[in-house]
Each structure stands twice: as structure tokens, then as C-alpha cells.
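Asks: Got a structure for you, written out below as C-alpha cells; questions coming shortly.
The values are calculated or read from the model by the stated rules, or taken from the named source; none is laboratory data. These numbers come from a predicted model, not from an experiment. Note: ideal-geometry Cβ built from the backbone for every residue, glycine included; neighbour counts use all protein chains shown. The accessibility values were calculated without ligands, DNA or RNA, using every heavy atom of the protein model including side chains. Shrake-Rupley method; radii C 1.70, N 1.55, O 1.52, S 1.80 Å.
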Amino acid sequence: MAPSLLRQETTDGDVISRIFLVRHGDRFDYANPSWVDSAKKSGCLVTDPPLSALGHRQASETAAYLQKIIKENTPNNEDNEEGGSGGIHKILVSPYLRVIQTATPTAHAFGIPLSIENGLSEAHATPDTSEQLVLPKPHQRFAYFPMLDPNYNSLLNVKPTPGFHCPKTGFACEAFAGRYCQRMETFARCLERTHYGQTIVMFSHAASVALVAAFLRCSMTDLKFAPCGVYHLERVNDGPWKIVQSGHDNTSYVKENSPTTYPWGFSGKHFEENDGKYFGSSEGIDLDYFVGAPDNCNL
């Protein structure tokens, strides 16, 4: 019997789940520091910068690379029920501009729309509340990014942590790094359930190495994420996730990098607490938080 397009199965009947997690490309604000002041004067959101020219080139190179490796690693490359091709069931993206821009060439390459997933939001995420409207909504982004699906509903929505505010904008935000890591744990379990037996591509931020650790149930100590790096993870049936490719390096498919957007990873300082300010250590959240974490999906 041929494998189902809703679920990828081997000839032995094993169900294969595949995840490709990609970091955004080179940031315009890091490459051009004067942009932040100009953006403030223009009333722009300084935490939502675009890609640099280099970042756009990296995004195109990464789309070509994803076409190659997904074709090599997925046995079923026919058109799927989403109307796309190449074995991808869904492309999920963080709601931030630089991530949407990074993902757009891949959406065009595979003919699959982008779904804005709030669960992939950046660290210090500043979600909308009754008191603040921060990032543009999907239907507003759609005017400039027609590959977006404005009707997609996020699996997970971020909540601000009482008493915490983004250091760059002052908006109410999710506490980093503790609450962010808890979000990644919940999100990983929900992705496992929702996209069981599928191949999904996700575009996010450097801190989403925590999502990799949540899938692998490993320490974050040695995990790094390069600009347009690609983490490829696979799982057979309900077994453990295994890493097929690390996203710590992009030099096999990206021709140029900038020192301003570099491979990033967590360190102990991101969790240490001083002067009573929460970062996670008081709740036992540290680099090894995901090691042996229990299964849960608190939605």
C-alpha cells in the first residue's frame, strides 16, 4: 500500500515524523546599527527589523538547499493535500518580519503557504493584549506577503509574564529565559501530536535551539544556531527524536556570513538570577531543563 500523504509511512508500516527548523538570515539592524534610531523616530517597532541584503541572499540559498535535502530525505515527493509539492505538509513561521522574509523563498520553491505560528515567537515576545497591539496581524502581513495563509490559527499563543517588560520597547513581554523554555517544552509536545507522521518546516530565531533540546530531551549546553542554519530531526513512530543534521553551521550552502549575525546559543548566564529578577534558576530552569522532561501539552 502506498504511503499516505497525511502520514509518512515506510514499507514496514513505521510512521516517520520529520522536522526542519531554520533560523532567520542576517539582520538589517545588526548590519546597520543606525537603523534603530531611525526606526524609533519613524515610530517603527525596533524589535521587528527586516533582513539585510545579505539575509535575503541567505534565504534564497537556504530555500534551494531545503529543496535538495527534503527531496533526498522524504520518500514521498508528490503533490500533497495543502496544494504544494516536495513532501512538505506545513511551513510554520514566527510572526516577526525577518523570519517571514527568510521563509518566503521556501514557500515559493515548494508552492506551500506560510502559516504564522505564535509559538515560534522570539525571546522577550511581546504578545497583543487588551492594552497593547504590537506586531501586525497575519491579514495585515498578507498585503505584502501573499504567500501567507491569513486564516491559520496558531497552536500556541504567547502570554506576557506579569511584571515583565521588553528591555527594548517597554511592552509587556514573556519572561526570558525561563518562561520561554517552558513555552518551547509545551510547543514541542503539541507539534508531536498535531503533525505526527508529517514533514514540517519551521522558521524561527536563534533561541529556538531550546525547541531542538525539547524534542531531543537533551542539554542546551552545546547547541548553537547559525543564521539560516537548518536543524533536521526525525522520529519513528512514538520513539525518541534523533538529530539528522545540526544547524550550528551553514557554510555548505550559504556563500557568505556576517560577523554581526552569528551562531548563537544559551549559556548559564541566561538563567542566573540577581537582585531578585527572574530568569529561571529559582524554578530549577537551566541549561539541562529539557533532560528527561515529562510529556505534556498544557493548552
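Asks: Checking S208 against (1) among the polar types (S, T, N, Q); (2) assigned to a loop (DSSP other than H, G, I, E, B); (3) closer than 18 Å to G25 by Cα, which single condition isn't satisfied?
Replies: Only one criterion is unmet by S208, namely (2).
Asks: While we're on this one: Among S219, S130, which is part of a loop (DSSP other than H, G, I, E, B), out of contact with any strand residue (DSSP E or B) (no Cβ under 9 Å at 6 or more places or on another chain) and without any contact (Cβ under 8 Å) to a residue 12 or more places away in the chain?
Replies: Working: S219 fails: without any contact (Cβ under 8 Å) to a residue 12 or more places away in the chain.
One residue alone meets the criteria, S130.
Asks: Count, please, the residues in the stretch 262-288 that happen to be part of a loop (DSSP other than H, G, I, E, B) and of a type in the set (S, T, N, Q).
Replies: 2
Asks: Here are the criteria: (1) touching a Phe, Trp or Tyr at 6+ places or on another chain (Cβ under 7 Å); (2) within 27 Å of F176 (Cβ to Cβ). Tell me which single one I88 does not satisfy.
Replies: Condition not satisfied by I88: (2).
Asks: Tell me, which residue of the stretch 105-120 that is in a loop (DSSP other than H, G, I, E, B) and open to solvent by 10 Å² or more (accessible area, probe 1.4 Å) is nearest to V22 (Cα to Cα)?
Replies: Only one residue tops the list, namely P113.
Asks: Considering only residues of the stretch 242-251 that are assigned to a loop (DSSP other than H, G, I, E, B) and open to solvent by 80 Å² or more (accessible area, probe 1.4 Å), which is farthest from H270 (Cα to Cα)?
Replies: Here is the first cut: in the stretch 242-251, the ones assigned to a loop (DSSP other than H, G, I, E, B) are 246-251.
So of that shortlist, the ones also open to solvent by 80 Å² or more (accessible area, probe 1.4 Å) come out as 248, 251.
Numbers: H248: 19, T251: 27 Å.
Among residues in the stretch 242-251 that are assigned to a loop (DSSP other than H, G, I, E, B) and open to solvent by 80 Å² or more (accessible area, probe 1.4 Å), the one farthest from H270 (Cα to Cα) is T251.
Asks: How many residues does the stretch 29-67 contain that are in contact (Cβ under 8 Å) with a residue 60 or more places away in the chain and in a helix (DSSP H, G or I)?
Replies: Residues in the stretch 29-67 being in contact (Cβ under 8 Å) with a residue 60 or more places away in the chain and in a helix (DSSP H, G or I): 12 in total.
Asks: Check G276, G229, G239 and return the single one that is under 28 Å from P162 (Cα atoms) and either small (G, A, S) or open to solvent by 60 Å² or more (accessible area, probe 1.4 Å) (or both).
Replies: The match here is G276.
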